[in-house]
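K.L.:
First, the structure itself, so that you have it in front of you.
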Amino acid sequence: MKLKYDLRIIRHPKELTYQIKSYEKIPIELFDNAFDGSKHIAFRIAEAIKEKQRNGEMIKLGLATGSSPLKVYSELIRMYNQENLSFSNVITFNLDEYYPLDPKQQESYNHFMNQYLFDHVDIVPENINIPLGNLSLEEVDSYCKDYEDKIDHLGGLDIQLLGIGRTGHIGFNEPGSTINSKTRMVRLDNLTRRDAAQDFNGIENVPYKAITMGVETILKAKEIYIMAWGQHKADIVKRAIEGNQTSDIPATFLQDHPKVK
């Protein structure tokens, strides 16, 4: 049985330098600004959480880091504080983590998620899954397999939240990643490292590697929201939604969903 998917690229139309074309291969939805788009995504996630609660079920969320989802997380926290949205039935799996990096370091995605979401809602700590960046090299392969197996054992992700990097990466699936790639260690593109330099106080401090969910793992999610804010993302978004599928731009594999709402 084929899964149903919901994929939306949400952009700030005033900041993009090209016009929408009728031959786009990924549906898009436009908002006047990143805040409005983020509120829309947060509302959809909240409604999915509440629907699962009414059915007595857990919901599995794939979460992203970086600047793109910050307003989504902020709105979810507001709904928790002001609208009684509970995260007690939420299981999360983050996309990626730098390697090597201790989870307690300020630059880690573990720290990021605690700072911008988990510390502010009632999610059960045991239901939080974030790739570890402080494993020994000998542990990495088995750990990645276990991470993949845990997602599969729970029935896959209900919703996957994504940003898109200027290399066209989703998660840390850099150019060269295949459509059947799974959770693994990857080498980061130099452009990705340069974009992260400010967070690490200089490119010399940015790790060269990361652990990431694979493209295949992401594509198994029942719903996907991918966000792209700002003019600096315009070119790669255009190539992702109008170009041919290619491992040179892993985001183009999102075109391969059997059904897009």
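The values are calculated or read from the model by the stated rules, or taken from the named source; none is laboratory data. Note that the structure is a prediction, hence the values are computed from the model and not measured. Virtual Cβ from ideal backbone geometry, glycine too; neighbours counted across all protein chains shown. Just the protein is used for accessible areas: all its heavy atoms, side chains included, with ligands, DNA and RNA removed. Shrake-Rupley method; radii C 1.70, N 1.55, O 1.52, S 1.80 Å.
K.L.:
Quick one: which residues, 5+ away or cross-chain, put their amide H under 5 Å from the amide H of residue 209? H built at 1.01 Å from N.
P.N.:
Result for residue 209 returns 99, 188.
K.L.:
May I pose another question? At most 12 other C-beta atoms within 10 Å and a DSSP loop state: those are the exposed chymotrypsin sites (Phe, Trp or Tyr not before Pro) I care about. Give me the longest piece of the chain that has none.
P.N.:
Counting only loop sites that pass the neighbour cut-off, the longest clear stretch is 24-207.
K.L.:
Right, next: Between exposed GluC sites (Glu not before Pro) in the chain, where DSSP calls loop and at most 12 other Cβ atoms lie within 10 Å, what's the longest gap?
P.N.:
Formally, the longest exposed-site-free interval is 84-261.
K.L.:
Whose amide H sits under 5 Å from the amide H of residue 63, counting only residues 5 or more places off or on another chain, with H placed in the peptide plane?
P.N.:
93, 94, 95, 161
K.L.:
Report ³J(HN,Hα) in whole Hz for each residue of the stretch 65-70, in order, from the Karplus equation J = 6.51 cos²θ - 1.76 cosθ + 1.60 where θ = phi - 60°; Gly and Pro get x.
P.N.:
10, x, 6, 4, x, 4
K.L.:
Under a Cβ-Cβ cut-off of 15 Å, what is the net charge of the residues other than residue 249 that fall near it, where Lys and Arg count +1 and Asp and Glu count -1?
P.N.:
Around residue 249, the charge tally is -2.
K.L.:
Can you give me the relative contact order of the stretch 59-102 as a percent, contacts being Cα pairs under 8 Å and 6 or more apart?
P.N.:
64 percent
K.L.:
What is the count of Lys pairs in the stretch 174-261 whose alpha carbons sit under 18 Å apart, if the two are 8 or more places apart or on different chains?
P.N.:
Close lysine pairs found across the stretch 174-261: 7.
K.L.:
Using alpha-carbon positions, what is the distance between the centroids of the stretch 199-235 and the stretch 27-65, in Å?
P.N.:
19 Å
K.L.:
Let me ask you something else. Residue 152 to residue 122: extension gain in nm, 0.36 nm per residue of separation minus the Cα-Cα distance?
P.N.:
Taking residue 152 through residue 122 to full extension adds about 8.3 nm, to one decimal.
K.L.:
Carbon and sulfur together cover what percent of the accessible area of the stretch 72-145 at a 1.4 Å probe radius?
P.N.:
Carbon and sulfur atoms account for 46 percent of the accessible area of the stretch 72-145.
K.L.:
Next question. Using label points projected 7 Å from each Cα along Cα→Cβ, tell me how many nm separate residue 88 and residue 141, to one decimal.
P.N.:
Inter-label distance under the simple model: 4.4 nm.
K.L.:
Also, quick follow-up: Among DSSP beta bridges lying fully in the chain, give the percent that are antiparallel, nearest 5.
P.N.:
30 percent
K.L.:
Using alpha-carbon pairs under 8 Å, 6+ residues apart, how would you state the relative contact order of the stretch 63-143 in percent?
P.N.:
36 percent
K.L.:
Contour minus end-to-end for residue 256 and residue 32, with contour as 0.36 nm per residue of separation and end-to-end as the Cα-Cα distance?
P.N.:
77.9 nm
K.L.:
A further question follows. ³J(HN,Hα) across the stretch 222-230 via Karplus (A = 6.51, B = -1.76, C = 1.60, θ = phi - 60°), whole Hz, x for Gly/Pro?
P.N.:
For the stretch 222-230, the Karplus-derived couplings read 6, 9, 9, 10, 10, 10, 9, 10, x Hz, x marking Gly and Pro.
K.L.:
Using each residue's phi in the stretch 78-84, evaluate 6.51 cos²θ - 1.76 cosθ + 1.60 at θ = phi - 60° and report the 3J(HN,Hα) Karplus result to the nearest Hz, with x for Gly and Pro.
P.N.:
Result, ordered by residue: 4, 5, 5, 6, 10, 10, 6 Hz.
K.L.:
Counting alpha carbon pairs within less than 8 Å and at least 6 residues apart, what relative contact order, in whole percent, applies to the chain?
P.N.:
With pairs under 8 Å counted, the relative contact order is 27 percent.
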